[in-house]
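Enquirer: What follows is a structure written as structure tokens; I'll ask about it next.
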Amino acid sequence: MASIIRLKRSATSGNPATLAAGEMAYSSLADNGSNGGDRLYFGHGTETGGDAANHEVIGGKFFTQQLDHAKGTLTANSALLVDANKKINELLVDNITIDGNTISSTDTNGNIVLTPNGDGLIDVSFTNIIDLATPTDSAHAATKGYVDAKATAAFLKYKAGSDSDIIDLDTETLTFAGGIGLTATVSSNQVAMALDNTSVTSGSYGSGTAIPTFTVDDQGRLTAAGSVSVSTTLNVAGDSSSTGSIALGSDTLNIKGMEGIDVTASGSLFTIAAETATDTNKGVASFDATDFGNTNGAITVSETTLGSTGLNPGATVTDLAGLTQLDVDNVRLNGNILSTTDSDNALMWLDPGNNMAVQGKVIIRGDLQVDGTQTIINSTTMTVDDKTIVLADGAADSAAATGSGIEVSTAGANILWNAGTDNWDFNRSINLPSGLDFKIDGVGTNERIDDRLNNLIQVGEGLDIVYDDTANTLTFSAELATSSNPGVASFSSDYFTVDGAGEVIIHEVNGGTY
């Protein structure tokens with residue numbers, strides 16, 4: 001059964017006299033403009049005697065019915081709702097009506113005033129030209145009347161570049177003046193700007209080896225013409241006093257690269273570059289200062305240092321010093337560490353008999369420390385002088401020692417330490433022969449359970465427990481619920497429903513009327 005929640009409500013009053021914080025109430029009283037009807041109220045703020053400091057109106061029919069009309073249509077006593085094109089069919093502001101293409105006034109003989117702010121202008125654009133001197137209808141007459149009234153204050157405003165000015169059409173004349181190289185003329189109400197004619201005196205261009213020249217003034221005009229002679233032969237010289245000449249316009253200048261030199265041409269650019277030296281080609285090369293010496297272009301091989309011992313080409317060295325690491329086959333000596341580079345990580349055999357047989361003896365004088373994850377001793381007899389065997393030595397704490405213990409190979413049986421529970425964990429049963437008892441602090445298990453059971457099980461809220469040590473019984477009894485004591489309870493079917501899963505459902509929450 002679904003639960004029903006009813007708001008506090010009234011059909012005879014508007015704003016409720018009392019409304020708790022967070023409580024809502026609705027008045028269905030028909031609104032008359034002042035009775036507060038047709039509204040949804042919400043209480044918030046400090047409560048005094050169960051009444052919140054503020055009763056806020058958060059909705060209701062009074063507001064929603066003002067939105068119940070066609071979008072885009074101006075409706076009396078309703079809100080403005082624009083249509084899908086963001087439009088409304090008309091708009092009324094005081095005496096002004098805006099409807100379609102018309103702005104009209106309901107004020108008898110009243111003016112429609114357009115007043116720009118500061119130096120702002122009224123910009124009116126006309127699709128069709130209107131003759132203001134001879135108006136033909138009332139609309140034109142209204143426009144002419146405004147022009148006639150303002151005729152004595154007619155001005156023309158123009159702007160050139162970053163400067164602007166205003167010309168009084170009644171007293172001033174707008175003049176167009178040509179600049180350098182320009183002449184302005186006015187004819188039939190049109191202004192024409194024309195370039196001035198400029199004459200240039202022809203010069204002598206010579207013959208064959210001369211090219212023309214021209215002089216241009218600051219206004220871009222040609223003011224003079226002449227010519228200049230040029231050579232038609234290019235003389236060239238090379239190494240060993242070799243010379244030659246090229247006829248410009250007919251010959252081609254060839255630059256040839258020899259061994260180790262590359263020459264490329266692109267447009268008017270020649271690029272001459274040295275080739276890089278290889279084992280088969282002469283060319284330029286650089287020498288690493290670590291491996292070579294250079295004295296006035298003479299190259300020598302630098303001394304090689306192995307450890308701290310210098311090695312020169314052709315010299316014999318029998319002693320090496322200063323080595324920090326030495327690799328022999330798969331064995332590496334680095335400082336006081338002997339390691340292996342073998343892929344199976346097997347360091348070496350210590351073979352005192354030099355025959356890989358299990359014989360001989362390896363004696364280690366001093367302490368032996370094995371750092372690793374596994375130590376295997378293939379011996380049939382192992383003896384330890386120490387009376388205590390320490391496991392997980394070096395663990396940072398008890399948690400790091402978890403898993404330490406004893407395990408029987410192949411059987412999988414083990415006794416392991418568990419720091420999380422602070423216990424030893426056995427993965428097999430402990431079997432005591434008949435007549436023996438498992439004791440804790442000297443007391444048998446069964447007796448300890450009987451004696452301590454009453455202390456281990458504590459009574460909780462709504463529950464009573466009675467322990468009988470003689471009868472070895474433990475009785476649990478639920479307490480009945482009261483207004484001050486939690487416990488078991490039944491639910492009235494008038495207000496509640498309890499389903500088969502024990503879920504309690506409230507039929508109705510009713511805020512009442514006011």
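The values are calculated or read from the model by the stated rules, or taken from the named source; none is laboratory data. Being a predicted model, the structure only gives us computed values, none of them experimental. Every residue, glycine among them, receives a Cβ derived from its backbone with ideal geometry; neighbour counts consider all protein chains shown.
Enquirer: Can you find a residue in the stretch 234-243 that is surrounded by 11 or more Cβ atoms within 10 Å (Cβ to Cβ) and outside the structural domain of Gly310 (by TED's automatic domain parsing)?
Expert: Yes: the stretch 234-243 contains one or more residues that are surrounded by 11 or more Cβ atoms within 10 Å (Cβ to Cβ) and outside the structural domain of Gly310 (by TED's automatic domain parsing).
Enquirer: Could you go through the stretch 8-20 and let me know if any residue there is surrounded by 11 or more Cβ atoms within 10 Å (Cβ to Cβ) and on the phi > 0 side of the Ramachandran plot. Let's see the steps before the verdict.
Expert: Narrowing the stretch 8-20 to residues surrounded by 11 or more Cβ atoms within 10 Å (Cβ to Cβ): 8-16, 18-20.
Subsequent filtering for residues that are on the phi > 0 side of the Ramachandran plot retains none.
Within the stretch 8-20, none of the residues are surrounded by 11 or more Cβ atoms within 10 Å (Cβ to Cβ) and on the phi > 0 side of the Ramachandran plot.
Enquirer: While we're on this one: Find all pairs meeting these conditions: Cβ atoms under 8 angstrom apart; at least six residues apart or on different chains; first residue within the stretch 313-326 and over 25 Å from Gly293 (Cβ atoms); second residue among the aromatic types (Phe, Trp, Tyr) and not in a strand (DSSP E or B).
Expert: none
Enquirer: Need the failing condition index for Ala70 against (1) among the small types (Gly, Ala, Ser); (2) over 18 Å from Gly512 (Cα atoms); (3) touching a strand residue (DSSP E or B) at 6+ places or on another chain (Cβ under 8 Å), just the number.
Expert: (3)
Enquirer: Keeping to the stretch 250-270, report how many residues are surrounded by 10 or more Cβ atoms within 10 Å (Cβ to Cβ) and not hydrophobic (A, V, I, L, M, F, W, C).
Expert: 5
Enquirer: Taking the options Thr12, Thr64, name whichever one is of a type in the set (Val, Ile, Thr) and either outside any loop (DSSP other than H, G, I, E, B) or in contact with an Asp or Glu (Cβ under 8 Å, 6 or more places away or on another chain) (or both).
Expert: Every option except Thr64 fails the conditions.
Enquirer: Could you go through the stretch 420-427 and let me know if any residue there is in contact with an Asp or Glu (Cβ under 8 Å, 6 or more places away or on another chain), more than 30 Å from Arg332 (Cα to Cα) and among the aromatic types (Phe, Trp, Tyr).
Expert: No, the stretch 420-427 contains no residue that is in contact with an Asp or Glu (Cβ under 8 Å, 6 or more places away or on another chain), more than 30 Å from Arg332 (Cα to Cα) and among the aromatic types (Phe, Trp, Tyr).
Enquirer: Exactly one of these conditions fails for Thr201: (1) modelled with pLDDT of 75 or more; (2) in a loop (DSSP other than H, G, I, E, B). Give me its number.
Expert: (1)
Enquirer: Among the residues of the stretch 271-283, write down those that are β-branched (Val, Ile, Thr), loosely packed, with under 11 Cβ neighbours inside 10 Å and over 14 Å from Ile255 (Cα atoms).
Expert: Within the stretch 271-283, Thr278, Thr280 meet the criteria.
Enquirer: Quick check: anything in the stretch 363-381 farther than 29 Å from Ser404 by Cβ and not assigned by TED's automatic domain parsing to the domain that holds Ser409? Steps first, answer last, please.
Expert: To start, the set of residues in the stretch 363-381 that are farther than 29 Å from Ser404 by Cβ comprises 363, 365.
Checking the rest, the ones that are also not assigned by TED's automatic domain parsing to the domain that holds Ser409 come to 363, 365.
Looking for residues that are farther than 29 Å from Ser404 by Cβ and not assigned by TED's automatic domain parsing to the domain that holds Ser409, one finds at least one in the stretch 363-381, hence yes.
Enquirer: To continue, here is another question. Kindly list, by first and then second residue, each pair from a residue in the stretch 254-283 that is more than 26 Å from Leu234 (Cβ to Cβ) to a residue that is surrounded by fewer than 10 Cβ atoms within 10 Å (Cβ to Cβ), limited to pairs with Cβ atoms under 6 Å and residues at least 6 apart or on different chains.
Expert: Lys282/Glu259
Enquirer: Which residues, counting only those in the stretch 79-112, are among the charged types (D, E, K, R) and surrounded by 12 or more Cβ atoms within 10 Å (Cβ to Cβ)?
Expert: Asp83, Asp99, listed by residue number.
Enquirer: Take the residues of the stretch 496-514 that are free of Cβ contacts under 8 Å to residues at least 60 places away in the same chain and surrounded by 10 or more Cβ atoms within 10 Å (Cβ to Cβ): which is nearest to Leu19 (Cα to Cα)?
Expert: This residue is Phe496.
Enquirer: Look at Ala419 and say whether it is at pLDDT 85 or above, touching a Ser or Thr at 6+ places or on another chain (Cβ under 6 Å) and over 30 Å from Ile337 (Cβ atoms).
Expert: Working: at pLDDT 85 or above: yes; touching a Ser or Thr at 6+ places or on another chain (Cβ under 6 Å): yes; over 30 Å from Ile337 (Cβ atoms): yes.
The answer is yes for Ala419.
Enquirer: Scan the stretch 302-340 residue by residue and report those that are surrounded by fewer than 11 Cβ atoms within 10 Å (Cβ to Cβ), of a type in the set (Ser, Thr, Tyr) and under 59 Å from the mean Cα position of the chain (by Cα).
Expert: Matches in the stretch 302-340: Thr305, Ser308, Thr324.
Enquirer: Provide a single number: the residues in the stretch 466-495 that are within 30 Å of Ile4 (Cα to Cα), surrounded by 10 or more Cβ atoms within 10 Å (Cβ to Cβ) and among the small types (Gly, Ala, Ser).
Expert: Number satisfying all stated conditions: 3.
Enquirer: Is it the case that Val358 is in contact (Cβ under 8 Å) with a residue 12 or more places away in the chain, in the same structural domain as Gly307 (by TED's automatic domain parsing) and exposed (fewer than 10 other Cβ atoms within 10 Å of the Cβ)?
Expert: no
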